[in-house]
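The structure appears below as structure tokens.
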Amino acid sequence: MSRKKSSLQVLMVASEVAPFAKTGGLADVAGTLPRALSELGCKLCIVMPFYNRFLEGMMVEGPVVENLPVPIDSRVIGAEIYRGQVNEAIDIYFVRRDEFYDRSYLYGTPKGDYFDNCQRFIFLCRATLSLCPAVEFQPDLVHCHDWQTGLVPAYLKLLSGDKDFWAQTASVFTIHNIAYQGQFGAELFPMTGLPGSFLSVEGMEFWGGMNFMKAGIVSADVLTTVSPRYSEEIQTKEYGHRLDGVLQAQREKLFGILNGADYEEWNPETDSFIAANYSRENLDGKTICKLNLLRTVKLPERIMNRPLLGVISRLADQKGLDLLATVMEKIVGEDVGLVILGIGDERYQTLLTEMAERHPEKIAVHLDFDERLAHKIEAGADIFLMPSRYEPCGLNQMYSLRYGTVPVVRATGGLYDTIRDFDPKAGEGVGFSFTDYEPEAFWDAIKMALSFFYKTQTWQLIMKNGMAMDFSWESSARQYLALYEKAVDSKRKRVSQIRKAKSKARKKL
């Protein structure tokens, strides 16, 4: 029996949405989860900033709203609203204010964050609330992603009255990475327009300053993280980044839902970015993809008979770049190839570039976000490295599995939830993992993978085990929809109770 289609209207708010602007997995989720929810019947709109540099050449219409009034600090300043489409059923609205979003990067340069990120994302949050009435979209629920949108649940909770446009709108706040919290000085709090009482321990006050992530956590009707394991980890001192106590207090509304993979985009059978398509039943094309990758990154073709290791990552401590840097000399000591794609901390960009210059026959480094090359690496590499210090979910390990590229990961967060070690006796498992955050443990896992690479039949079994895994969005979207419906129902009941109580009080008068 088919499930009844949902009639909910959902507004998705994110600082980046693929394919319009992307630095990581957040954009992938914000671009693909709406499509899966739409298939379940939800009517969706998305809001994100208008990043001039990233939107060049995109099909964007506008402005569809001019000089939208947005309150910030003691001023009201105008925004222009542009419109695009994720697909025929989903509109995406872009908030344009060039002084805030016409930048070379989304959040900061390799040297650090932009000085005005507080103002930039207050503006996004306030503009979101102004935008919906202007475009005549009445959400039953607003789903906000990460700290950049953390003030939206606070505005819904504290600034909307029981007869307001937003009175019956519920909120969901998803924590993609709790390490990035949007912390700013308390002197900037008046700029938010929130009541002074909210700059408190019960509100968004945090060690004498203010914290956008905390604002979302304490204000939202429902909290989610992007994997079950991560929802548990962030309630501990080791992973909670000083918000573990706040999350423990909110644990009744905290749920972990594993991100899905977009198999329309990441599918070796149909991928237009790769040199040859292939499948679990016919792996011949993967050999062609490996040769094409070697030629693309200018590594020698003799590596065709040796393991080729791939990394696609933000170059930061969180992603285990310190471990990778430590074991790179050992990797060079083996007769293997290594290709790395990503940008991030300047020190890692410098270190990796120097290593590639010293070992051009074994290491290729591309400091960029290059979607085409990312697909080529997933298809052409034999082994994919993800030694993350912590990993809320991770998507590249899911893509790697689908492309028959065997992951070597640290068992944390979503990596723990998705990668099971290969057991040669049972013939089960899809990759190799390590637990201790130590270079020796990482290197041992790499060596284990390398040892199986030359056992051709066993290696193909590992590849095919991974390719059989299914992390599509449908299951995750249904879990989100169940939470949405529960949150909306609860919010409507609370509003109804408040209205009844006020009506009864008026009658007594």
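Just so you know, all these numbers are worked out from the coordinates, no wet-lab data involved. Since we're looking at a predicted model, the values are computed, not measured. Glycine gets a Cβ as well: all are built from the backbone with ideal geometry, and neighbour counts include every protein chain shown.
Some observations on this one:
- Packing here is the average count of other Cβ atoms within 10 Å per residue, and on that basis the peptides 346-357, 84-95, highest first, run 84-95, 346-357.
- Distance in nm between pseudo-label sites at ARG358 and SER490 (7 Å out along the Cβ direction from Cα): 5.4
- Each residue, ARG53 and LYS502, gets one label point 7 Å from its Cα in the Cβ direction; the gap between the two is 4.7 nm.
- Inter-centroid distance (Cα atoms) of the range 1-71 relative to the range 368-429, Å: 27
- Per residue, the convex hull around the alpha carbon atoms of the range 71-187 comes to 145 Å³.
- Applying 0.36 nm per residue to the separation of LEU159 and ARG295 and subtracting their alpha-carbon distance, the gain on full extension is 43.2 nm.
- Estimated translational D of the chain in µm²/s (Stokes, Kirkwood radius over Cα pairs; 25 °C; 0.890 mPa s): 102
- Rounded tilt (10° steps) of 456-467 against the dominant C-alpha axis of the chain: 10
- Rounded Å value of the spacing that divides the Cα centres of the range 168-200 and the range 307-340: 37
- Once the Cβ-Cβ distance of ARG251 and ALA426 is raised to the sixth power relative to R0 = 25 Å, the FRET efficiency obtained is 0.10.
- Whether the range 379-447 is rounded, prolate or oblate, judged on the alpha carbon gyration tensor where a/c under 1.5 counts as rounded: rounded
- Rounded to the nearest 0.05, the FRET efficiency derived from the C-beta distance between ARG280 and SER74 at R0 = 51 Å is 0.25.
- Rounded to the nearest Hz, the phi-derived 3J(HN,Hα) couplings of the range 370-387 under the Karplus curve 6.51 cos²θ - 1.76 cosθ + 1.60 (θ = phi - 60°) are 10, 4, 4, 5, 4, 5, 5, 5, 4, 7, x, 6, 8, 10, 10, 9, 9, x, where x marks glycine and proline.
- Gyration tensor (alpha-carbon) shape descriptor, the range 434-509, a/c threshold 1.5: oblate
- Divided by 2.2 N^0.38 Å, where N counts the residues, the Cα radius of gyration of the range 284-467 comes to 0.93.
- Distant-in-sequence amide H partners of ILE72 (H built 1.01 Å from N, under 5 Å): ILE77
- Extended-chain gain in nm, criterion 0.36 nm per residue less alpha-carbon gap, ASP317 and LYS4: 108.2 nm
- With Cα atoms as the point set, the range 202-341 shows a radius of gyration and Dmax of 21.7, 61 Å.
- Contour minus Cα-Cα distance for PHE273 and GLU440 (0.36 nm per residue): 56.6 nm
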